[in-house]
Amino acid sequence: MTTAKTQTLLPQAELYERLCRLFHENRLPSSLLFAGKKGVGKWVVANLLAKTITCQNPADNFCGECASCRQAAAFCHPDIYYLFPLPKDEDKADKLYLPYLQQKQERPFSDASDDVTSFITIDNIRKFQSNLSRHPSLSKYKVGIVYEAERMLPATMDSLLKTLEEPPRDSFLIVCTDQPRFLLATIRSRLQRVSFPALESEFVASYLKQNFEIPEKEVGIVTRFAAGALYNVEQLVEKAFFEARETAFDLLTNAVTMPASDLVVKCSGNTALENREKVERLLIHWQSMLRDLMVINALPLQTGIDPSQALINFDYADRYLEHRDRFASLQRVEQQIDKLEQVRSELRRNVNPKMAAISFLVQLNQH
Amino acid sequence: MKFSVTTDKLRSALTAVMSAVPAKSALPILGNVLLETEGKSLKLSTTDLEISITTMIDAKVTKKGSVAIPAKKFQEIIDALPQTDIEIEVISNRIEMRFGTGDYKIAGMPADEFPRLPEFNPAKEIKIPADVLRRMIHKTAFSASNDETRPALNGILWQTSGEKMRMVATDGHRLAKIETDNTKLQGLYGDMIVPPRALNLVSRLAVDDITEVGVTFNENNLIFTCGSNTISTRVIEGPYPNYEQVIPKYNNKSLIVAKSLLADTVRRVAILSNALTHQVKFSISKNTLQLSATNVDFGGEAVEKLPCQYDGEDIEIGYNAAYVLDILKQLECDEVRFSLSTAVSAAIITTMEPASDYLCLVMPLRLAD
């Protein structure tokens with residue numbers, strides 16, 4: 001096992017080792033579907049596997065020192081090709097190609113681009129297929145990695161299907177997605193599915209400790225927030241995120257304790273609701289708190305069970321219990337969570353963030 | 001790294017290697033030329049990951065080293081200089097160019113970020129005559145396909161295993177095949193599909209006093225040496241379609257026509273052909289060839305008659321004028337022979353020589369009733 005040489009902390013280590021073993025035993029399927037929710041390490045494992053497949057010292061998983069490994073690390077390996085959503089404009093796409101890969105290298109669990117208008121187009125895939133049709137140049141095999149595959153346009157999927165039907169010799173194709181159902185059934189059926197489970201809490205905690213300077217208590221909270229996926233974890237460790245948690249709890253308490261008119265007045269002047277980013281942060285907290293309340297409401301009174309083990313915001317256990325009667329008046333918490341999703345999608349459609357947040361709190365108040 | 005070199009040597013070396021620098025690339029390092037000192041020489045290399053070119057020039061090396069330097073800016077600077085000696089020094093990837101009273105500085109990139117190029121082993125090299133290779137490339141490259149959905153057709157099939165060395169290219173509408181005696185490569189290697197861009201580059205660099213081109217066949221790439229230039233290219237994965245199957249063996253009608261007269265006439269008539277299909281109708285009757293084209297967009301019609309030698313039954317066939325002209329351009333003769341069968345089968349176009357080593361095929365277009 002050589003992973004320690006290149007990365008001290010490897011997500012899905014067991015899965016990666018299994019894939020490596022299959023490769024060394026010549027049993028690795030040539031077309032793989034890496035499926036799992038965002039932030040569980042699909043990108044990391046796909047890249048490490050590509051390095052392993054192309055490494056010139058095959059005795060180890062990958063040496064990290066040969067020309068192949070060095071070029072793979074710089075994303076200029078002639079036998080490793082990437083396909084991911086890029087703008088249609090070719091110049092813009094060229095400018096964003098390397099930064100996307102570097103961004104993924106730096107923050108492997110987060111989105112490399114927030115451009116939702118980019119897709120994997122037919123032109124992108126033609127170039128990718130043309131490269132795959134060449135003999136390998138530096139290594140024995142070629143590897144094609146399709147990332148965010150759910151963002152392939154229909155014509156692109158048809159074209160990919162052709163490659164899957166007649167896979168180029170000496171090549172491996174790794175298709176990564178968190179939405180496998182968006183792929184054509186004919187594509188899914190031609191790929192060997194590798195399911196990525198949620199990351200273990202111990203891994204998430206170690207990752208947080210290694211990469212961010214945050215207090216031990218916050219490590220615990222973020223680990224629970226992450227729920228086995230490190231997607232956009234950078235946002236969860238910001239100071240503003242924890243500050244917003246306090247505001248979110250206050251507003252939630254106000255929503256169940258204050259008359260609606262007072263609640264509206266209080267919210268109107270609240271700077272925590274002044275922009276989309278801040279409101280989105282509050283929504284994340286409200287979601288976690290509503291989920292906690294479901295747990296609290298489900299526990300029978302005076303059982304002596306410590307609810308904090310099951311809570312995301314475990315440090316708020318006493319405060320939840322303090323307002324337990326008030327919160328118990330919230331009917332159907334799961335419906336409120338649905339409502340939160342609705343607010344989130346409205347925000348994406350550019351509604352006034354403050355109005356959306358107030359409207360959510362007022363309807364909580366009416367319950 | 002420190003060396004001095006004459007600007008004219010550097011200029012011609014840069015001209016040679018610039019062909020492999022991609023006009024646009026998603027990987028910035030590919031926009032650089034790699035400079036490396038090797039003994040008393042300076043090595044310049046470029047690559048677009050498919051093709052790479054390396055050239056060596058004499059230089060006065062005072063300190064060994066290597067650096068990647070932005071190719072276009074470097075070429076612009078060298079092109080703008082008069083013939084003089086230039087001293088180049090690299091300190092921490094910063095390149096300083098000094099000449100006369102001038103002092104230019106440009107930021108480079110670490111050499112180890114530059115992709116590793118295929119290694120050239122002179123012991124495995126086989127020399128073949130440059131003029132033979134050049135001719136074979138010229139006669140076939142035009143027929144290769146640009147359609148990326150059929151990668152094998154994007155290349156030229158180079159067959160070296162048999163008694164004849166053969167190059168074949170086709171895009172599915174036309175085909176060009178040339179063969180020559182194979183004394184040096186026979187039995188050594190199998191078939192390879194080579195990108196035409198690489199072969200055209202070899203053809204362009206194998207000029208002047210270069211009489212032989214060295215070829216090294218590796219498992220995954222081909223390396224050509226033309227004088228001080230080394231070109232390596234990845235090969236395309238096969239299989240190549242069985243082209244022999246589409247070459248008709250029993251075309252029993254023979255049309256013989258003056259090449260330049262036919263080319264000029266096709267070119268004129270094609271002006272009024274359909275903009276998409278470029279269809280020109282060949283109406284062949286005894287010793288008369290009538291070319292016609294219509295374009296409904298312009299309400300245009302063009303008809304011309306020219307003499308020919310033809311003794312078969314009357315026949316009407318449509319061809320893409322551009323394909324016919326491409327082929328006629330490659331045939332070195334006064335008269336050409338069209339071997340025909342029916343209006344919907346392929347025509348073979350050759351010179352009048354009975355044992356011609358060069359054959360072109362063009363598929364007909366279906367004529368409207």
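The values are calculated or read from the model by the stated rules, or taken from the named source; none is laboratory data. Keep in mind that this is a model prediction, so the values were computed, not measured. Here Cβ is always computed from backbone atoms with ideal geometry, including for glycine, and neighbour counts include all displayed protein chains. When the accessible area is computed, the model is the full protein with side chains, heavy atoms only, and any ligands, DNA or RNA have been set aside. Shrake-Rupley method; radii C 1.70, N 1.55, O 1.52, S 1.80 Å.
The condition (being within 26 Å of B:Pro22 (Cα to Cα), within 14 Å of chain A (Cβ to nearest Cβ), out of contact with any His (no Cβ under 6 Å at 6 or more places or on another chain) and not polar (S, T, N, Q)) is satisfied by just one residue among B:Arg197, B:Arg134: B:Arg197. Output the residues belonging to the range A:155-185 that are within 11 Å of chain B (Cβ to nearest Cβ) and part of a loop (DSSP other than H, G, I, E, B). Residues satisfying the conditions are A:Glu166, A:Pro167, A:Pro168, A:Arg169, A:Asp170.
Summed over the range B:1-52, residues that are open to solvent by less than 10 Å² (accessible area, probe 1.4 Å), of a type outside the set (A, V, I, L, M) and under 15 Å from B:Pro118 (Cα atoms) total 4. Which of the residues spanning the range A:106-124 are open to solvent by less than 100 Å² (accessible area, probe 1.4 Å), within 18 Å of the chain's Cα centre (by Cα) and under 23 Å from A:Ala74 (Cβ atoms)? Those that are open to solvent by less than 100 Å² (accessible area, probe 1.4 Å), within 18 Å of the chain's Cα centre (by Cα) and under 23 Å from A:Ala74 (Cβ atoms): A:Arg107, A:Pro108, A:Phe109, A:Ser110, A:Asp111, A:Ala112, A:Ser113.
Taken together, the criteria place B:Ala16 among residues that are under 25 Å from B:Leu222 (Cβ atoms) and either away from every other protein chain (no Cβ under 14 Å) or not small (Gly, Ala, Ser) (or both).
So which residues in the range B:123-134 are of a type outside the set (Val, Ile, Thr) and either open to solvent by less than 70 Å² (accessible area, probe 1.4 Å) or without any contact (Cβ under 8 Å) to a residue 40 or more places away in the chain (or both)? Across the range B:123-134, the qualifying residues are B:Ala123, B:Glu125, B:Pro129, B:Ala130, B:Leu133, B:Arg134. Scanning the range B:219-248 for residues that are without any contact (Cβ under 8 Å) to a residue 60 or more places away in the chain and among the small types (Gly, Ala, Ser) gives a single hit, B:Gly227. What are the residues in the range B:269-299 that are surrounded by 13 or more Cβ atoms within 10 Å (Cβ to Cβ) and farther than 17 Å from B:Val362 by Cα, if any? The answer is B:Val269, B:Leu272, B:Ser273, B:Asn274, B:Ser285, B:Thr288, B:Leu289, B:Gln290, B:Ser292, B:Ala293, B:Thr294, B:Asn295. As a summary of the residue check, B:Asn146 satisfies the conditions (1) within 18 Å of the chain's Cα centre (by Cα); (2) open to solvent by less than 30 Å² (accessible area, probe 1.4 Å) except for the one numbered (2). Each residue in the range A:115-131 was checked for being in contact with a helix residue (DSSP H, G or I) (Cβ under 7 Å, 6 or more places away or on another chain), at the interface with chain B (Cβ under 10 Å from one of its Cβ atoms) and either without any contact (Cβ under 8 Å) to a residue 12 or more places away in the chain or part of a loop (DSSP other than H, G, I, E, B) (or both), and 1 of them qualify.
A:Arg151 falls short on exactly one of the conditions (1) within 11 Å of chain B (Cβ to nearest Cβ); (2) of a type in the set (Lys, Arg); (3) under 24 Å from A:Tyr231 (Cβ atoms), and that condition is (1). One residue stands out in the range B:90-116 among those that are open to solvent by less than 40 Å² (accessible area, probe 1.4 Å) and touching a residue at least 60 places away in the same chain (Cβ under 8 Å): the one that is farthest from the other protein chains (Cβ to nearest Cβ), namely B:Phe99. Within the range A:308-325, can one find any residue that is touching a Ser or Thr at 6+ places or on another chain (Cβ under 7 Å), modelled with pLDDT under 85 and of a type in the set (Lys, Arg)? Checked against the condition, which is being touching a Ser or Thr at 6+ places or on another chain (Cβ under 7 Å), modelled with pLDDT under 85 and of a type in the set (Lys, Arg), the range A:308-325 yields no hits at all. No other residue among B:Glu244, B:Glu237 is surrounded by 18 or more Cβ atoms within 10 Å (Cβ to Cβ) and under 30 Å from A:Leu132 (Cα atoms) apart from B:Glu237. Identify the residue in the range A:93-114 that is among the hydrophobic types (A, V, I, L, M, F, W, C) and within 10 Å of chain B (Cβ to nearest Cβ) and, among all such residues, is farthest from A:Leu10 (Cα to Cα). Among residues in the range A:93-114 that are among the hydrophobic types (A, V, I, L, M, F, W, C) and within 10 Å of chain B (Cβ to nearest Cβ), the one farthest from A:Leu10 (Cα to Cα) is A:Ala93. Taking (1) more than 14 Å from chain A (Cβ to nearest Cβ); (2) over 18 Å from B:Ser292 (Cα atoms) in turn, B:Gly238 satisfies each apart from (1).
Cβ-Cβ distances below 8 Å connect the following pairs, each with a first residue in the range B:286-297 that is among the β-branched types (Val, Ile, Thr), a second residue that is outside any strand (DSSP E or B), and a separation of six or more residues or different chains: B:Thr288/B:Cys308; B:Thr288/B:Tyr310; B:Thr294/B:Leu272; B:Thr294/B:Ser273; B:Thr294/B:Asn274; B:Val296/B:Asn274. Being over 30 Å from the mean Cα position of the chain (by Cα), of a type outside the set (D, E, K, R) and in a loop (DSSP other than H, G, I, E, B) narrows it down to one of B:Tyr240, B:Tyr250, so name that one. Result: B:Tyr250 is the single residue among B:Tyr240, B:Tyr250 that is over 30 Å from the mean Cα position of the chain (by Cα), of a type outside the set (D, E, K, R) and in a loop (DSSP other than H, G, I, E, B).
Does A:Tyr97 qualify as being hydroxyl-bearing (Ser, Thr, Tyr) and in a helix (DSSP H, G or I)? Here the answer is yes, as A:Tyr97 does meet what is asked.
Within the range B:340-358, being in contact with a Leu (Cβ under 8 Å, 6 or more places away or on another chain) and either more than 23 Å from B:Val132 (Cβ to Cβ) or among the β-branched types (Val, Ile, Thr) (or both) holds for B:Leu340, B:Ala343, B:Ala346, B:Ala347, B:Ile348, B:Ile349, B:Thr350, B:Thr351. Residues of the range B:173-194 that are in contact (Cβ under 8 Å) with a residue 40 or more places away in the chain and either among the polar types (S, T, N, Q) or over 21 Å from B:Lys124 (Cα atoms) (or both): B:His173, B:Arg174, B:Leu175, B:Ala176, B:Lys177, B:Ile178, B:Glu179, B:Thr180. Scanning for something away from chain A (no Cβ under 14 Å), more than 20 Å from B:Leu201 (Cα to Cα) and either in contact with a Gly (Cβ under 6 Å, 6 or more places away or on another chain) or not in a helix (DSSP H, G or I) (or both), does the range B:120-130 turn up at least one residue? Yes, there is a match, as at least one residue in the range B:120-130 is away from chain A (no Cβ under 14 Å), more than 20 Å from B:Leu201 (Cα to Cα) and either in contact with a Gly (Cβ under 6 Å, 6 or more places away or on another chain) or not in a helix (DSSP H, G or I) (or both). Residues considered: A:Lys92, A:Lys127, A:Lys37. Of these, the only one that is open to solvent by 10 Å² or more (accessible area, probe 1.4 Å), of a type outside the set (A, V, I, L, M) and within 24 Å of the chain's Cα centre (by Cα) is A:Lys37.
Determine if the range B:55-62 includes at least one residue that is within 30 Å of A:His77 (Cα to Cα), surrounded by 18 or more Cβ atoms within 10 Å (Cβ to Cβ) and touching a Gly at 6+ places or on another chain (Cβ under 6 Å). Checked against the condition, which is being within 30 Å of A:His77 (Cα to Cα), surrounded by 18 or more Cβ atoms within 10 Å (Cβ to Cβ) and touching a Gly at 6+ places or on another chain (Cβ under 6 Å), the range B:55-62 yields no hits at all.
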